[in-house]
Amino acid sequence: MLKLFLKAILISTALLQSWLCFATSPNTTIKLGMSVALSGPASHIGQQLKQGHELYFNYANRKKQPGQPHIKLLVLDDGYEPSRAVDNTHYLIKHQNVDALIGNMGTPTTHAIKDILKKHQLPLLMPYTGAEFLYQNPGFPIFKLRASYLDEAKDQVKYLVEELGHKNIALFIQADEFGLTLEKSHRQALKNQGIEPIVIARFRRNTNDVAKALTQILTTQVTAIAMIGTYEPLSAFINQAYRAGFRGSYTSVSFVSSASLFEHITVPANIMVTEVLPDPQTCQGQICALFRAQATAHSKPISYQSFEGFVNAYLFTTALQYCKQTQLSDCISTAIDRTLKTDPALQTLLKLPQKNTSQRQVYRSYLKY
């Protein structure tokens with residue numbers, strides 16, 4: 001572990017020295033905006049994303065050399081509500097003149113601001129969503145680090161159908177753009193296996209009103225349920241389903257926060273959650289070691305969400321060596337892609353194919369009884 005930590009310090013020192021390539025004047029500040037849920041039922045995700053980004057940016061700012069840019073992160077609370085994300089985005093552009101958005105959280109909130117981003121050609125970097133509309137020429141600069149929701153859906157269906165042998169599968173989904181996106185992804189993944197969902201039951205975003213959906217599902221012969229939502233309604237559903245007699249299998253996508261979901265399950269349950277990064281508690285390599293060291297030193301949580309924010313910030317900071325600040329909007333997406341192809345620490349962490357760095361690996365977390 002000590003050896004990995006020393007390697008992490010060495011690579012970070014080399015990274016910070018490479019900022020000298022970044023053409024800027026002393027005391028220049030790069031302003032990044034972020035709109036996430038810091039309040040409401042999804043706040044556990046937004047708060048940890050915020051902490052992870054800040055953890056690395058603060059580290060980089062402390063270590064920067066004279067003439068290197070200071071990175072300022074402006075984080076606003078949208079409560080996981082699209083209208084508030086729109087207001088936040090307007091404010092960040094008009095009143096803060098941000099250079100880019102980073103780590104924005106959620107499919108419905110991201111979908112709501114896409115026309116604003118297109119109008120201003122503001123880069124959206126490493127959003128916390130795998131929505132398919134971001135993979136279809138959205139019309140604004142973007143870089144996506146996560147696996148797509150289709151990739152996650154395919155792995156969940158592989159697990160349920162090929163590994164566990166389920167054929168009667170239901171979808172329990174949040175009734176908004178997030179749910180619609182993943183409904184489409186799961187339908188496609190199931191269709192590839194020659195299967196249609198037995199039933200699709202919906203619940204309203206930011207509520208735990210799952211009783212109607214539970215009744216709808218339990219009147220069928222379903223043996224497995226693919227779930228799309230945040231941890232509170234999903235854990236409420238699983239707990240209630242067990243008391244109603246359901247003993248099948250569950251899956252969910254990375255957005256749910258597996259740790260929070262598992263913590264709130266009070267009954268025996270078999271759950272698999274797809275993840276977009278390796279386990280930050282056990283992964284190996286310089287970035288993993290540096291993250292754990294910084295999180296421990298500053299009493300921050302070691303979670304998938306905080307780790308993702310940390311990796312996002314590391315990737316952005318590393319990419320600055322390939323991008324002049326005056327051209328940031330035009331070059332940052334390309335610079336980040338170049339960084340993925342050349343940075344050995346990221347190659348080790350993400351296990352990227354050298355010929356196609358756009359491919360992403362899907363990982364898994366399990367709760368089993």
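Taking each residue of segment 304-321 that is more than 21 Å from residue 275 (Cα to Cα) and looking for partners that are among the acidic types (Asp, Glu) and surrounded by fewer than 24 Cβ atoms within 10 Å (Cβ to Cβ) with beta-carbon atoms closer than 8 Å, six or more apart or interchain, yields 318/343. Being over 17 Å from the mean Cα position of the chain (by Cα) and not charged (D, E, K, R) holds for only one residue in 320, 350, and it is 320.
Filter segment 142-153 down to the residues that are free of Cβ contacts under 8 Å to residues at least 40 places away in the same chain and out of contact with any Asp or Glu (no Cβ under 9 Å at 6 or more places or on another chain) and list them by number.
Step one: of segment 142-153, the residues free of Cβ contacts under 8 Å to residues at least 40 places away in the same chain are 144, 150.
Within segment 142-153, just 144 meets the criteria.
State whether the residues of segment 38-58 include one that is touching a His at 6+ places or on another chain (Cβ under 9 Å), open to solvent by less than 30 Å² (accessible area, probe 1.4 Å) and outside any helix (DSSP H, G or I). The answer is no; no qualifying residue exists. Of all residues in segment 271-291, those that are under 20 Å from residue 255 (Cα atoms), open to solvent by 20 Å² or more (accessible area, probe 1.4 Å) and not charged (D, E, K, R) total 1.
In this structure, does residue 324 turn out to be open to solvent by 50 Å² or more (accessible area, probe 1.4 Å) and in contact with an Asp or Glu (Cβ under 9 Å, 6 or more places away or on another chain)?
Spelling it out, it is not the case that residue 324 is open to solvent by 50 Å² or more (accessible area, probe 1.4 Å) and in contact with an Asp or Glu (Cβ under 9 Å, 6 or more places away or on another chain).
Scanning segment 110-122 for residues that are over 18 Å from residue 185 (Cα atoms) and either touching a Phe, Trp or Tyr at 6+ places or on another chain (Cβ under 7 Å) or open to solvent by 30 Å² or more (accessible area, probe 1.4 Å) (or both) yields a total of 9.
Report whether or not residue 328 is at pLDDT 95 or above and not β-branched (Val, Ile, Thr). No: the conditions fail for residue 328. For segment 146-261, the helices (runs of 4 or more DSSP H) that sit wholly inside it and include 1 or more residues that are under 21 Å from residue 365 (Cβ atoms) and open to solvent by 60 Å² or more (accessible area, probe 1.4 Å) are 149-157, 231-243. Which members of segment 177-219 meet the condition of being out of contact with any Ser or Thr (no Cβ under 8 Å at 6 or more places or on another chain) and among the acidic types (Asp, Glu)? Selection gives 183, 196, 209.
From the set of residues in segment 115-136 that are under 20 Å from the mean Cα position of the chain (by Cα) and part of a loop (DSSP other than H, G, I, E, B), which is farthest from residue 101 (Cα to Cα)? Don't jump to the end; show me each part of the working.
First pass over segment 115-136, keeping only residues under 20 Å from the mean Cα position of the chain (by Cα): 117, 122-136.
This time we only want the ones that are part of a loop (DSSP other than H, G, I, E, B), so: 122-123, 126-127, 129-131, 136.
Values: 122: 7, 123: 6, 126: 9, 127: 8, 129: 14, 130: 16, 131: 17, 136: 19 Å.
My answer is 136.
The values are calculated or read from the model by the stated rules, or taken from the named source; none is laboratory data. Just so it is clear, the model here is predicted, and its values are computed rather than measured. As a convention, Cβ positions derive from the backbone with ideal geometry for all residues, glycine included, and neighbour counts pool all protein chains shown. Areas reflect the complete protein model, heavy atoms only, side chains present, ligands, DNA and RNA absent. Shrake-Rupley method; radii C 1.70, N 1.55, O 1.52, S 1.80 Å.
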